[in-house]
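Following: one structure in structure tokens, then a few remarks.
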Amino acid sequence: MTLDHSPWPQDVAARYRAAGHWRGQTFGALLTELAEAHAPRTAVVGERHGVTSRWDYAELDRRAHRIAAGLAEAGIRAGQRVVVQVPNVPEFVPVLFGLWRVGAWPVFALPAHRYTELRHFAEQSEAAAILTVDAHERYDHAALAHAVAAEVPSVRQVHVVGSTEFDELSATTPRELPEPDPSGVAFLQLSGGSTGLPKLIPRTHDDYLYSARESARICALRPDSVYLAALPAAHNFPLSSPGVLGALHVGAKVVLCPRPDADTAFRLIDREGVTITGVVPPLAASWVQAAARTEHDLSTLEVLLVGGAKCGRELAERIGPALGVRLQQVFGMAEGLVCYTRLDDPDDLVLGTQGRPISPDDEVRVVDPENPSAGSDDLVPPGETGALLTRGPYTIRGYYRAPEHNSRAFTPDGFYRTGDLVRRGPTGHLEVVGRAKEQINRGGEKVAAEEVEDHLMAHPDVLDAAVVAVPDEYLGERTCAFVVPVAGAAPTGPGLRRFIRARGVAAFKVPDLVQVVAEFPVTGVGKTSKRDLRAALAALVRKA
Amino acid sequence: MNAPAPGHALTADRLRADIAEVLGCAPEEVTPDADLLDLGLDSMRTMALVERWRAAGAPAVEFADLAEEPRLDHWTRLVTGADS
């Protein structure tokens, strides 16, 4: 049998087990344990369509058992993939554990994803079902799921949180289900790809629980902590850094924030006594500004994690005083490696670096940035900028069903080429200084240049397109599309944006700036290499 | 809803100029019924405008209300209580 994913070599896996990193526990078994230890304590608070639910650990456990039984009765089997597009509503948590108890693999779509992306995830994973919500932020997710199901033959079922059918499914009598293999795949996360559509990232119970458990420790989570999931919880950062899973792991309370604007988040911080949350830098900046005028009490907040994109020093310095918190920088990736500044690190490291890895067994190499196939031995001198490679007890060895891509994205000795350019200091802390991959980091949402170009070039008026990052006051970076029209055509920015949105694409991928040009305003490059063309255009807009 | 305090400076023209500034376009492009998303509006810019207009005398402006219908005419009604 050929495997769809790339497990760790046996001797390495044995080492991670011997070190206590991998403990042979599934998520389902973890919840059973938590329900015994913390039964009457609040586990999940959230709202859907304005109605707040508040479930203790016993109730969360019951709901997860019933959803698992309901899914099993509906024909969902261990190892099947289920595309999950559930925003920050309370059901997100029991749905997740329900799927894990059946042994089905959630494929985590984001609420912002639309037809193009959802169809890709369903096709790529040969999903058996889509599990979604009725509507969120005035968008009909049920209709989207049904539209995808109609086109993807493997998808036989659609389950909609908020429907009568789902209410019935969630009331199924619990039944004994075989325990999944804790060293096997638990779910598929999405890469912030740089080549076309996102790749799927297979994570195991063993490796993901290790990262969530250690994250909880590093972020000093306690049973009386209150974690606010401000960003969409399907993202790796709010899911496990330390996130929903890290908080549940210690018996803390998880509050799901339906929308991350300061009004909504501050209301919940005040009402629920939130002690810790995580945001992307542009949101941190917005919260800093809003804190000066808010009527809400933010005094319970102790730690603000900032990650998803680099937090500049100037912003980093304002966060603590404005919000009355300790800043903790995070630099992580859904493929694995997560770095944190430690709560007791000196200020200079907290403000000026993106932290150091979770695990003593995270192997980090900073290699020749000019050579895209640099090996793990092609190190740059200490302290100099290079390309970050990593492998370790919670970093994947390959994407799901992507052998060709894997041969480029991983070194022969199993290091993942992160595509990030970093400097590594004497303490092991990393400073992110840029990236080698052709991706725009739009306020934490990763946008692949090639994917947006493909959408632009589908327009009949567009001959060629190149998409680059431009610095942006509000988002850190945003997308700028250079568009060469076909002879006689005159496409406009608003027209192209409307066109791309109508194709069913996440809003964060719609180009922010559009420059229609007779020819690309650079000479001598781009005839053969899109990569060189993008680099030249990016240099041009940075100078402007 | 929520008319701003007397003496505030939030006119329809001021809103249009503020929107044009954060979008980096000419005020004339911000027509009353243009979909601001087509002009390049994103949620962070909307949040920034909320803060700006609150400070300028419309304390009850909420992100969720603006995000629901991103058009100048709708926003003008929300923020100034008058038509643009």
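The values are calculated or read from the model by the stated rules, or taken from the named source; none is laboratory data. All values derive from a computational prediction rather than experimental measurement. Here the Cβ positions follow ideal geometry from the backbone for every residue, glycine too, while neighbour counts run over all protein chains shown.
Worth a mention:
- Residue within segment A:290-300 that is assigned to a helix (DSSP H, G or I) and crowded, with 17+ Cβ neighbours inside 10 Å present: yes
- Scope segment A:264-287; condition within 14 Å of chain B (Cβ to nearest Cβ) and surrounded by fewer than 18 Cβ atoms within 10 Å (Cβ to Cβ); matching residues: A:Thr264, A:Arg267
- Scanning segment B:54-82 for residues that are within 12 Å of chain A (Cβ to nearest Cβ), in contact with a Leu (Cβ under 8 Å, 6 or more places away or on another chain) and not aliphatic (A, V, I, L, M), we see that the one that is surrounded by the fewest Cβ atoms within 10 Å (Cβ to Cβ) is B:Asp65.
Rundown of residues vs (1) in contact with an Asp or Glu (Cβ under 9 Å, 6 or more places away or on another chain); (2) polar (S, T, N, Q); (3) touching a residue at least 40 places away in the same chain (Cβ under 8 Å); (4) not assigned by TED's automatic domain parsing to the domain that holds A:Glu445, yes/no style:
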position	(1), (2), (3), (4)
A:Gly495	yes, no, no, no
A:Phe508	yes, no, yes, no
A:Val514	no, no, no, no
A:Pro521	no, no, no, no
A:Arg534	yes, no, yes, no
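- The set of residues in segment A:12-40 that are among the acidic types (Asp, Glu) and under 19 Å from A:Gly336 (Cβ atoms) is empty.
- When segment A:345-367 is filtered for residues that are of a type in the set (D, E, K, R) and buried (at least 16 other Cβ atoms within 10 Å of the Cβ), the ones remaining, listed by number, are A:Asp345, A:Arg356, A:Asp361, A:Asp362, A:Glu363, A:Arg365.
- With respect to being in contact with a Lys or Arg (Cβ under 6 Å, 6 or more places away or on another chain) and within 14 Å of chain A (Cβ to nearest Cβ), B:Val50 falls outside the description.
- Selection count, segment A:66-77, where residues are in contact with a Pro (Cβ under 9 Å, 6 or more places away or on another chain) and either closer than 14 Å to A:Glu126 by Cα or surrounded by 24 or more Cβ atoms within 10 Å (Cβ to Cβ) (or both): 2
- Screening segment A:285-307 for residues that are out of contact with any helix residue (DSSP H, G or I) (no Cβ under 6 Å at 6 or more places or on another chain) and small (Gly, Ala, Ser) and picking the one that is modelled with the highest pLDDT gives A:Ser299.
- Matching residues, segment B:38-47, being more than 7 Å from every other protein chain (Cβ to nearest Cβ) and aliphatic (A, V, I, L, M): B:Leu41
- From the list A:Glu302, A:Glu317, the lone residue that is out of contact with any Asp or Glu (no Cβ under 6 Å at 6 or more places or on another chain), away from chain B (no Cβ under 14 Å) and under 23 Å from A:Gly246 (Cα atoms) is A:Glu302.
- For segment A:148-155, the criterion of being modelled with pLDDT of 95 or more, of a type outside the set (Val, Ile, Thr) and closer than 24 Å to A:His49 by Cα is met by no residue.
- Test result for A:Arg318, assigned to a loop (DSSP other than H, G, I, E, B), in contact with a helix residue (DSSP H, G or I) (Cβ under 9 Å, 6 or more places away or on another chain) and surrounded by fewer than 18 Cβ atoms within 10 Å (Cβ to Cβ): no
- Taking the criterion of being closer than 22 Å to A:Ala334 by Cβ and in contact with a Phe, Trp or Tyr (Cβ under 8 Å, 6 or more places away or on another chain), the residues of segment A:66-92 that qualify are A:Gly79, A:Gln80, A:Arg81, A:Val82, A:Val83, A:Val84, A:Val86.
- Breaking point among (1) within 14 Å of another protein chain (Cβ to nearest Cβ); (2) more than 18 Å from A:Pro494 (Cβ to Cβ); (3) touching a residue at least 12 places away in the same chain (Cβ under 8 Å), for B:Thr31: (2)
- Flag if A:Arg534 is under 30 Å from A:Leu315 (Cβ atoms), touching a Leu at 6+ places or on another chain (Cβ under 8 Å) and among the basic types (Lys, Arg): no
- Test: residue in segment A:396-404 that is at pLDDT 95 or above, within 17 Å of A:Asp362 (Cβ to Cβ) and under 20 Å from the mean Cα position of the chain (by Cα): yes
- Qualifying positions in segment A:355-381 - more than 28 Å from A:Ala316 (Cα to Cα), in contact (Cβ under 8 Å) with a residue 40 or more places away in the chain and acidic (Asp, Glu): A:Asp361
- Evaluation of A:Gly308 against (1) touching a strand residue (DSSP E or B) at 6+ places or on another chain (Cβ under 7 Å); (2) surrounded by 23 or more Cβ atoms within 10 Å (Cβ to Cβ); (3) assigned to a loop (DSSP other than H, G, I, E, B) (one fails), failing number: (1)
- Restricted to segment A:436-544, the set of helices (runs of 4 or more DSSP H) holding at least 2 residues that are within 14 Å of chain B (Cβ to nearest Cβ) and under 22 Å from B:Glu21 (Cα atoms) comprises A:493-502.
- A:Ala309 satisfies every condition listed in (1) touching a Gly at 6+ places or on another chain (Cβ under 6 Å); (2) away from chain B (no Cβ under 14 Å) except (2).
- Checked against (1) touching a helix residue (DSSP H, G or I) at 6+ places or on another chain (Cβ under 7 Å); (2) in contact (Cβ under 8 Å) with a residue 60 or more places away in the chain, A:Arg542 passes all but a single condition, namely (1).
- Tally, over segment A:163-211, of residues that are aliphatic (A, V, I, L, M) and within 14 Å of the chain's Cα centre (by Cα): 4
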